[in-house]
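K.L.:
This is the structure I have questions about; it appears just below.
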Amino acid sequence: MKNEELWVIGPGESVSLYPEQIKSLRLKNTLAFQNVFPHCYHMFSLIPNVWFCMDPNAFVEGFTFLNSLNQEESLQFKKMRIIIPHFSSTTYNLFRQYCGTTPLGRQPGAWKKYILLLDNLKNKGYNIDIVKSTTTKYIETSRDLDSQSLGKYDIHGEDAYIRFMYHEPIFGTVKYDSESVIGDRYKWGLENKLSSSVFPICFYLGASNVYIVGFDLKGGRFYDTSQTRHPWNDESQKKAIDIFPLEIISRWNEWVPYHNMNFTSLVKESHSLITKVIKYEDKLNDK
């Protein structure tokens with residue numbers, strides 16, 4: 001199903017600058033990323049059309065909230081489409097074949113609890129959409145014949161058009177090199193979720209105009225300003241290297257002829273670094 005306009009809400013602190021405007025997005029076609037739901041509901045009374053997470057740990061708070069509702073309370077949430085990559089819907093071993101680590105893998109019993117929450121939502125009739133997908137890690141490390149065939153192309157560069165012809169969403173713009181994040185030696189772990197996860201799911205959803213708020217590459221979360229850590233500026237880095245994720249986001253601008261999506265940042269550059277590479281328009285204040 002094509003979604004010509006898609007308003008994407010990330011967890012960045014810039015969201016808190018527009019409380020009334022975020023509330024008004026209930027009239028738009030919206031996608032909430034990671035822990036944005038359920039906070040966008042608690043803080044702005046916004047139930048997104050689509051809720052999508054790449055890290056399954058980001059589903060847990062929202063799953064717990066949805067499971068706590070009685071039948072009548074749950075009705076207003078059952079139209080929300082909850083998109084889950086297939087590798088996040090079964091075992092932790094499968095998840096690790098496609099992705100890096102998650103807090104669910106470091107806490108005893110956490111993955112099992114997550115799957116139980118997911119199964120309960122399925123049984124209660126929530127709109128769970130398990131999407132067969134792949135990642136640049138799986139393409140690089142798997143012996144799967146389909147992945148090996150795809151791996152023959154430079155989908156990160158000159159053969160990028162191939163990724164938009166593939167029959168599954170491909171998460172990740174950067175070629176997998178290591179799960180380590182050490183300066184600019186390894187690139188894979190330095191990519192921002194906007195380009196690695198959100199842009200691919202927007203393409204999958206058939207969006208042509210993508211409006212972005214809450215992907216700032218700096219600051220905290222709009223629901224928790226103490227969470228200011230980013231892989232390109234944390235204690236493991238000798239210097240901030242946020243220029244790299246910006247370069248990767250910018251690469252998607254170069255790929256417009258392949259994916260036909262138009263990106264617009266809804267936040268001024270003073271509050272969001274992505275506006276350095278994505279055009280800014282004051283669409284949130286449009287009447």
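The values are calculated or read from the model by the stated rules, or taken from the named source; none is laboratory data. Keep in mind that this is a model prediction, so the values were computed, not measured. In this analysis, Cβ positions are derived from the backbone assuming ideal geometry, glycine residues included, and neighbour counts consider all displayed protein chains.
K.L.:
The conditions are (1) touching a Lys or Arg at 6+ places or on another chain (Cβ under 7 Å); (2) buried (at least 20 other Cβ atoms within 10 Å of the Cβ); (3) not aliphatic (A, V, I, L, M), and His39 fails exactly one of them. Which is it?
P.N.:
(1)
K.L.:
Which pairs have Cβ atoms under 7 Å, sit 6 or more apart or on different chains, and link a residue in segment 39-54 that is closer than 13 Å to Pro85 by Cβ to one that is charged (D, E, K, R)?
P.N.:
Between residues of segment 39-54 that are closer than 13 Å to Pro85 by Cβ and residues that are charged (D, E, K, R), the close pairs are Met54/Lys193.
K.L.:
Scan segment 154-170 and give yes if some residue there is at pLDDT below 95, surrounded by 14 or more Cβ atoms within 10 Å (Cβ to Cβ) and among the small types (Gly, Ala, Ser), otherwise no.
P.N.:
Taking every residue of segment 154-170 in turn, none turns out to be at pLDDT below 95, surrounded by 14 or more Cβ atoms within 10 Å (Cβ to Cβ) and among the small types (Gly, Ala, Ser).
K.L.:
Would you check if Gly219 is at pLDDT below 95 and under 27 Å from Ser45 (Cβ atoms)?
P.N.:
yes
K.L.:
Let me ask something else about it. One residue is enough: does segment 73-85 have a residue meeting the conditions surrounded by 18 or more Cβ atoms within 10 Å (Cβ to Cβ), polar (S, T, N, Q) and without any contact (Cβ under 8 Å) to a residue 40 or more places away in the chain?
P.N.:
No, segment 73-85 has no match at all.
K.L.:
Then there's this: In segment 245-287, how many are assigned to a loop (DSSP other than H, G, I, E, B), closer than 17 Å to Asp216 by Cβ and in contact (Cβ under 8 Å) with a residue 12 or more places away in the chain?
P.N.:
The qualifying residues number 10.
K.L.:
Just give me the residues in segment 86-95 being aromatic (Phe, Trp, Tyr) and in contact (Cβ under 8 Å) with a residue 40 or more places away in the chain, in sequence order.
P.N.:
Across segment 86-95, the qualifying residue is only Phe87.
K.L.:
Follow-up. Name the residue that is surrounded by the most Cβ atoms within 10 Å (Cβ to Cβ), counting only residues in segment 127-145 that are part of a helix (DSSP H, G or I) and touching a residue at least 40 places away in the same chain (Cβ under 8 Å).
P.N.:
Thr136
K.L.:
Related question: Looking at segment 73-117, which of its residues are closer than 22 Å to Val174 by Cβ and in a loop (DSSP other than H, G, I, E, B)?
P.N.:
Correct list: Cys99, Gly100, Thr101, Thr102.
K.L.:
In segment 26-36, which residues are surrounded by fewer than 21 Cβ atoms within 10 Å (Cβ to Cβ) and either over 20 Å from Lys79 (Cβ atoms) or touching a strand residue (DSSP E or B) at 6+ places or on another chain (Cβ under 8 Å) (or both)?
P.N.:
Answer for segment 26-36, where residues must be surrounded by fewer than 21 Cβ atoms within 10 Å (Cβ to Cβ) and either over 20 Å from Lys79 (Cβ atoms) or touching a strand residue (DSSP E or B) at 6+ places or on another chain (Cβ under 8 Å) (or both): Lys28, Asn29.
K.L.:
Something else: All but one of (1) under 29 Å from Thr141 (Cβ atoms); (2) of a type outside the set (A, V, I, L, M); (3) crowded, with 23+ Cβ neighbours inside 10 Å hold for Gly12; state the number of the condition that does not hold.
P.N.:
Looking at each condition in turn, Gly12 falls short on (1).
K.L.:
Name the residue, out of Ile243, Ile274, Ile212, Ile278, that is within 20 Å of the chain's Cα centre (by Cα), at pLDDT below 90 and among the aliphatic types (A, V, I, L, M).
P.N.:
So the residue among Ile243, Ile274, Ile212, Ile278 that is within 20 Å of the chain's Cα centre (by Cα), at pLDDT below 90 and among the aliphatic types (A, V, I, L, M) is Ile243.
K.L.:
Would you pick out the residues in segment 50-71 that are crowded, with 20+ Cβ neighbours inside 10 Å and of a type outside the set (A, V, I, L, M, F, W, C)?
P.N.:
Pro56, Asn57, Gly62, listed by residue number.
K.L.:
For segment 103-132, give me the residue count where each residue is charged (D, E, K, R) and within 18 Å of the chain's Cα centre (by Cα).
P.N.:
Matching residues across segment 103-132 total 2.
K.L.:
Can you pull out every residue in segment 177-205 that is part of a loop (DSSP other than H, G, I, E, B) and either modelled with pLDDT of 80 or more or under 23 Å from Ile130 (Cβ atoms) (or both)?
P.N.:
Listed by number, the residues that qualify are Glu191, Asn192, Leu205.
K.L.:
Just give me the residues in segment 1-47 being in contact with a Phe, Trp or Tyr (Cβ under 8 Å, 6 or more places away or on another chain) and more than 19 Å from Asp224 (Cβ to Cβ), in sequence order.
P.N.:
Of everything in segment 1-47, those that are in contact with a Phe, Trp or Tyr (Cβ under 8 Å, 6 or more places away or on another chain) and more than 19 Å from Asp224 (Cβ to Cβ) turn out to be Glu5, Leu6, Trp7, Val8, Lys23, Leu25, Lys28, Asn29, Thr30, Leu31, Ile47.
Here's the yes/no breakdown for (1) β-branched (Val, Ile, Thr); (2) part of a helix (DSSP H, G or I); (3) closer than 30 Å to Asn253 by Cα:
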{"position": "Asp119", "(1), (2), (3)": "no, yes, no"}
{"position": "Gln148", "(1), (2), (3)": "no, yes, yes"}
{"position": "Arg163", "(1), (2), (3)": "no, yes, yes"}
{"position": "His167", "(1), (2), (3)": "no, no, yes"}
